Amino acid sequence: MVYASPQGLQMFGERWDRIVAERGAQAALYLADGRATTFRELDAEARAVKLTGEYVQVQGEVPQILRLLLAGFLRGAPVQMVEKDRARRIPAHLPPAGTALIKQAVGGSGVRRCQFFTVDQIAADVDRLHAALDLGARGAGVAAISCAHSFGLTMTVLQTLFNGVPTCFAPQPFAQPLMDAMKPHARVYLPGVPALWKSWLMGDVRFDNVSLAISAGSPLTLDLERMALEHHGLKIHNLYGTSECGAVSWDETLDLREDGRDLGNLLPGVQAQTDVEGRLIVTSSSVGLGYDELLPQEQYGDGVFTTSDQIEQQGNRLWFQQCAGAGINVAGRKLSPAEIAEKIMRASHLEKVTIYGARSRDPERCQDIVAEFDLPQAEINAAFKITACSLLAPWEVPRKWIGRL
């Protein structure tokens, strides 16, 4: 079944054909073992994919993601991004007309849902970043973070498919695999989240060929930004956005920010204002079509998205205050309190568990998961925790356990 509009299909197809005609013999994807896949080879691989069903489920490592994304876009089948460690969420209703990409994300709301996007909305976000960050002149984009997440997806593989920027695949986000991936290239740009940047900066990673360093997913602290400048001569640029509307603002300066809340200036083509509660309302061409399930009082669609973030705005510059939503941000990964609570209740056979996020002592971690139980504190021992965590992923395990009796 084809959902993407004929105009969107034609637009993408023409762009991709032009990239293959101009760069066919050049590398589209650099692999960790030194091999590379050219644009012409990627095109042939994607066209050979046999699509079955109404959706293309994209899950796995960067080579599979690139190939399946391209196959879906070329044929107009909705592509649904699924993290390697997740099961596909079946949308609560059929995708709206024109849907080309489906993300399943928690976001600031704390509720895992599907988000729908047209080819034009995807292209608007990709092209906005490409122009503002001058990605065509930065070398290969290093895919060290998950490309199933909006930030990694838009900064790397979608830049390859829409603008012909090669992707450099780092199979693990640790120091040695990252250096091995970056070493053969004269210039690369490196997207990361603050927790990874902290690990890279405190490790033995060399950044001599990094032409642009970008951080997103959670607030970038001044201490981390200062460490990069003083120890490595590297300016990390803070980027702010959401999966629902794409990139919103970035710090384009080359000097240390004066305030860690500084999110930089709005990107060209993005308009913003705040509502009576201080939440940022974004208007842009990259705002998606909407969710598969809309919560009361939410605004998402028709080019407008009201975020869960309370933001101070002065002209085109934004300052982060806090997230007013229930989502828990653990090192840039957005988690659902309800999902964690449900897993703990199933594992422990309890009828009630309260899960929420609290500020972490480690600022790059952002938040810790807190679990509260209607139990005496003495009963929340090591054996209880082992049982309660048996269905959780490692990043879903609470750091604080509180008994309320």
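Details
- Flag if P78 is in the same structural domain as T160 (by TED's automatic domain parsing), at pLDDT 90 or above and within 30 Å of P184 (Cα to Cα): no
- The set of residues in the range 180-194 being within 16 Å of A170 (Cβ to Cβ) and buried (at least 22 other Cβ atoms within 10 Å of the Cβ) consists of A181, M182, V188, Y189, L190, P191, G192, V193.
- Looking across the range 376-405, just one residue is in a loop (DSSP other than H, G, I, E, B), surrounded by 13 or more Cβ atoms within 10 Å (Cβ to Cβ) and more than 29 Å from the chain's Cα centre (by Cα), and that is I380.
- Residues in the range 215-227 include at least one that is among the acidic types (D, E), over 20 Å from the mean Cα position of the chain (by Cα) and surrounded by 21 or more Cβ atoms within 10 Å (Cβ to Cβ).
- Meets criteria (β-branched (V, I, T), closer than 21 Å to Q115 by Cα and in contact with a Leu (Cβ under 6 Å, 6 or more places away or on another chain)) for V82: no
- For the range 239-250, the candidate set comprises residues that are in contact with a Lys or Arg (Cβ under 9 Å, 6 or more places away or on another chain) and crowded, with 24+ Cβ neighbours inside 10 Å; within that set, the residue that is farthest from T154 (Cα to Cα) is S249.
- When the range 267-288 is limited to residues that are among the small types (G, A, S), closer than 18 Å to L239 by Cα and more than 19 Å from the chain's Cα centre (by Cα), the one that is surrounded by the fewest Cβ atoms within 10 Å (Cβ to Cβ) turns out to be G269.
- Looking across Q172, Q176, one residue alone is at pLDDT below 95, under 20 Å from the mean Cα position of the chain (by Cα) and surrounded by fewer than 23 Cβ atoms within 10 Å (Cβ to Cβ). It is Q172.
Yes/no per residue for (1) surrounded by fewer than 19 Cβ atoms within 10 Å (Cβ to Cβ); (2) more than 26 Å from L239 (Cβ to Cβ):
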residue: W319; (1), (2): yes, no
residue: C323; (1), (2): no, no
residue: N329; (1), (2): no, no
residue: E339; (1), (2): yes, yes
residue: R346; (1), (2): yes, yes
residue: K352; (1), (2): yes, yes
residue: A358; (1), (2): yes, no
residue: D368; (1), (2): yes, no
residue: A371; (1), (2): no, yes
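- Elements of the type strands (runs of 3 or more DSSP E) sitting completely within the range 32-148 and holding at least 3 residues that are closer than 30 Å to E339 by Cα: these cover 56-58, 79-81, 99-105, 113-118.
- Selection of the range 294-326 for residues being out of contact with any Cys (no Cβ under 8 Å at 6 or more places or on another chain) and among the charged types (D, E, K, R) yields E298, D302, E312, R317.
- Criterion: closer than 16 Å to L220 by Cα and out of contact with any helix residue (DSSP H, G or I) (no Cβ under 6 Å at 6 or more places or on another chain) - qualifying residue of R346, R359: R359
- Qualifying residue in the range 393-405 (condition: touching a helix residue (DSSP H, G or I) at 6+ places or on another chain (Cβ under 7 Å) and within 22 Å of A87 (Cα to Cα)): yes
- Each residue in the range 13-31 was checked for being part of a helix (DSSP H, G or I), under 13 Å from G164 (Cβ atoms) and touching a residue at least 12 places away in the same chain (Cβ under 8 Å), and 6 of them qualify.
- Yes/no for A132 being in contact (Cβ under 8 Å) with a residue 12 or more places away in the chain, within 25 Å of G13 (Cα to Cα) and among the small types (G, A, S): yes
- Check on G260, in contact with a helix residue (DSSP H, G or I) (Cβ under 8 Å, 6 or more places away or on another chain) and modelled with pLDDT under 95: yes
- Strands (runs of 3 or more DSSP E) within the range 206-295 that include 1 or more residues over 18 Å from R128 (Cβ atoms) and assigned by TED's automatic domain parsing to the domain that holds G192: 210-215, 236-242, 262-266, 271-274, 279-283
The values are calculated or read from the model by the stated rules, or taken from the named source; none is laboratory data. Since the structure is predicted, the reported quantities are computational estimates derived from the model, not experimental observations. Note that each Cβ is placed from the backbone with ideal geometry, even for glycine, and that neighbours are counted across all protein chains shown.
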